[in-house]
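Chemist: The structure under discussion is supplied below as structure tokens; questions concerning it will follow.
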Amino acid sequence: MKKSSFIFLITLLIILIFAFILFSNFNKKVFSVNGASINEDYIEQYKKVYMLSNNIDSIYSTSIAFEIIKDAIIEDLCRKAGINISDSTYEAYSKMLKNDKNSSSLIDSFERIFGSKNTYKYFLKQFIAENLLADKISNDMNSIQKERYVKSVAIYKSWKGKECQKELLSDSVEYFIKSLSPEDADSDTIFQKDSINMYEDNNYYYVSLFDGKTNKGYRIRKVGFEEFALNYSKNYKIHFYDQSYMRAFKLLSENSIWDKLTDIK
């Protein structure tokens, strides 16, 4: 090999190494969640969308990292809850949201500013996953809510509408009395006077009796997000490559569900 060719190859190798180092530093990894790395560019792109969606002028990148970690955990909890989290699922729900008059204008404004790709990547996917998980947890009577639902049915069958039966109470069951005006009762079809009613909302199953003035009975607390998530305590391994981000995460997650779910390496 000629000396000039050798010098050229060495020079080219040095340039490539320098370019690689420069690119790595420019877009360095900040942290990883169960091995999936997040870099600075992702954080900065996410930050722009997050500030607009929350109508704020500024936020620390370390706080954005905390939001990204929460999103990653929520998406994985969707899988653990049996939700089909795939591109086809996200795309189908994205299309539904774009066709919905209540959300279409917001999404259109995001897409004009950030483009459809970034709106999908940094906003829609997170929004869809969070809502799918909340809906699944609240309404899954076959698995997540099965025990609480069965307990509600048992109370419905055994309670005769008398005063509180202490033997029916437990950590998840409480007795309540709520005064209602005739107008309130008439406006809500769930209340059938002088008969035991069973109904639900996002947080409770209710077994109650409406006597014309008061609605009284039992409410059975549904399994909530935190109770469901705690089945996977310390299941999420977080590795920080930047100590300032690690300190911020520890501060922001202190005494919260996110601290209980994560294991910082």
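Chemist: Classify segment 23-166 as rounded, prolate or oblate from the Cα gyration tensor: take a ≥ b ≥ c as the square roots of its eigenvalues, call it rounded if a/c is under 1.5, otherwise prolate when a/b beats b/c and oblate if not.
Modeler: Prolate.
Chemist: Turning to a different aspect of this structure: List the aspartates and glutamates whose Cα lies under 17 Å from the Cα of LYS265, skipping any in the same chain that are fewer than 8 positions away.
Modeler: The qualifying aspartates and glutamates are ASP242, GLU254.
Chemist: Over the heavy atoms of ARG247, what accessible area does a 1.4 Å probe trace out, to the nearest 10 Å²?
Modeler: Looks like 150 Å² after rounding.
Chemist: Roughly how many Å is it from the Cα centre of segment 215-235 to that of segment 108-187, as a whole number?
Modeler: 10 Å
Chemist: While we're looking at this one, here's another question. Would you tell me the accessible area of ILE128, worked out with a 1.4 angstrom probe on the heavy atoms of the protein chains, in Å² to the nearest 10?
Modeler: Its accessible surface works out to 10 Å², give or take rounding.
Chemist: Would you mind checking LYS80/LYS136; LYS29/LYS70; LYS151/LYS213; LYS98/LYS121; LYS101/LYS125 for any pair whose Cα atoms are more than 22 angstrom apart?
Modeler: LYS151/LYS213
Chemist: Enumerate the aspartates and glutamates that LYS157 could reach by cross-link, defined here as Cα to Cα under 19 Å, with residues fewer than 8 away along the same chain left out.
Modeler: Partners within reach: GLU147, GLU167, GLU174, ASP194, GLU200, ASP211.
Chemist: What's the magnitude of the charge dipole for segment 46-108 around its Cα centre, counting Lys and Arg as +1 and Asp and Glu as -1 at the beta-carbon? Answer in Debye, nearest 20.
Modeler: I would put it at about 60 debye.
Chemist: Moving on to the next point. Under a 5 Å amide H to amide H cut-off, with H placed in plane at 1.01 Å, what residues pair with VAL30 once short-range neighbours are removed?
Modeler: Answer set, sorted by chain and number: ILE38, ASN39, GLU40.
The values are calculated or read from the model by the stated rules, or taken from the named source; none is laboratory data. Since the structure is predicted, the reported quantities are computational estimates derived from the model, not experimental observations. With ideal geometry, Cβ positions are generated from the backbone for all residues, glycine too; neighbour counts draw on all protein chains shown. Heavy atoms of the whole protein, side chains included, go into the accessibility calculation; ligands, DNA and RNA do not. Shrake-Rupley method; radii C 1.70, N 1.55, O 1.52, S 1.80 Å.
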